[in-house]
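Peer 1: Just passing along the structure, written as structure tokens.
The values are calculated or read from the model by the stated rules, or taken from the named source; none is laboratory data. Since we're looking at a predicted model, the values are computed, not measured. Positions of Cβ are generated from backbone atoms using ideal geometry, with glycine treated the same way; all protein chains shown enter the neighbour counts. These area figures cover heavy atoms from the full protein model, side chains too; ligands, DNA and RNA do not enter into them. Shrake-Rupley method; radii C 1.70, N 1.55, O 1.52, S 1.80 Å.
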Amino acid sequence: MGKLFVVSGPAGTGKGTVVKELIKRGVAELSISATTRAPRGKERNGVEYHFLQKEEFERLISDDGFLEYAEYCGNYYGSPKRQIDEWIADGRNVILEIEVEGYQKVKAKRPDCVGIFIMPPSLDELEKRLRGRNTETEEQIQKRLKRAGEEILLSKLYDHVVVNDTVKKCADEIEKIFNI
Ligand code: ADP
Ligand code: 5GP
């Protein structure tokens, strides 16, 4: 059996960047979430997310298609169950890159999952990265920064907290956790 890892952290911390590095190293599979938010920048359907209409998302909820789902900054986000279970049964490690509410639901259902919280080096650096990404409007940035403070308080619920100082150092540290 493979293991289930949940990676969370405030928007702009660098989760996506670090997770991409871990996938490149071949240490796990990445679960592609479904969301009702609009694609950002160069995002493609079925690659970064399955982009769904609200009605389609709600149909999947009633069909029990999600391991968990949550609302974040006005949109639905959820982890489709089937692919995750297939990978785990096949002996592969799986990463869910999800927010804190989703993590708590997964931890309740699958207590053996490993929670990893990626922390920014500082709040100033977080804001700099979020702005530097250039993908959100000012209003969305403000919402995400407000939410960041709330999320950092919940980092205590995770099995591991890792600071994303440099991508390599952070990925190395997470890879070590995978091998525990
Ligand atoms: P998240 O997935 O947590 O929202 P991203 O992976 O999109 O964050 O990263 C946000 C921005 O910060 C991106 O522009 C990314 O290139 C940059 N970034 C990620 N990790 C680091 C790091 N360790 N040092 C400096 N910049 C980083
Ligand atoms: P973004 O809009 O920046 O891509 O993602 C916003 C937040 O939603 C991030 O914290 C991200 O980790 C989280 N997220 C992405 N997919 C899922 C999911 O399937 N479930 C939950 N609960 N959160 C998710």
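Peer 1: Given the condition open to solvent by 50 Å² or more (accessible area, probe 1.4 Å), without any contact (Cβ under 8 Å) to a residue 60 or more places away in the chain and touching a Gly at 6+ places or on another chain (Cβ under 9 Å), answer yes or no: does some residue in segment 109-123 qualify?
Peer 2: The answer is yes; a qualifying residue exists.
Peer 1: A further question follows. Within segment 145-174, count every residue that is open to solvent by 20 Å² or more (accessible area, probe 1.4 Å), of a type outside the set (A, V, I, L, M) and part of a helix (DSSP H, G or I).
Peer 2: The number of residues fulfilling the criteria is 9.
Peer 1: Out of Val27, Val6, Val47, which single residue is touching a helix residue (DSSP H, G or I) at 6+ places or on another chain (Cβ under 6 Å) and surrounded by fewer than 18 Cβ atoms within 10 Å (Cβ to Cβ)?
Peer 2: Val27
Peer 1: Further, regarding this structure: Specify which of the listed residues (Gly78, Gly16, Gly26, Gly9) is within 16 Å of Phe178 (Cα to Cα) and of a type outside the set (S, T, N, Q).
Peer 2: The conditions single out Gly26.
Peer 1: Further question on the same structure: Of all helices (runs of 4 or more DSSP H) completely enclosed by segment 1-95, which ones contain at least 2 residues that are away from ligand 1 (no atom under 14 Å from the Cβ)?
Peer 2: Where helices (runs of 4 or more DSSP H) fall fully within segment 1-95 and carry at least 2 residues being away from ligand 1 (no atom under 14 Å from the Cβ), they are 54-62, 81-89.
Peer 1: Shifting gears a bit: Considering only segment 135-144, how many residues are surrounded by fewer than 16 Cβ atoms within 10 Å (Cβ to Cβ) and without any contact (Cβ under 8 Å) to a residue 40 or more places away in the chain?
Peer 2: The number of residues fulfilling the criteria is 4.
Peer 1: Which pairs have Cβ atoms under 6 Å, sit 6 or more apart or on different chains, and link a residue in segment 69-83 that is at pLDDT below 95 to one that is not in a strand (DSSP E or B)?
Peer 2: As it stands, the answer is Tyr72/Glu99; Cys73/Lys143, since those pairs meet every condition given.
Peer 1: Output the residues belonging to segment 82-115 that are among the aliphatic types (A, V, I, L, M) and away from ligand 2 (no atom under 12 Å from the Cβ).
Peer 2: Within segment 82-115, Ile88, Ala89, Val94, Ala108, Val114 meet the criteria.
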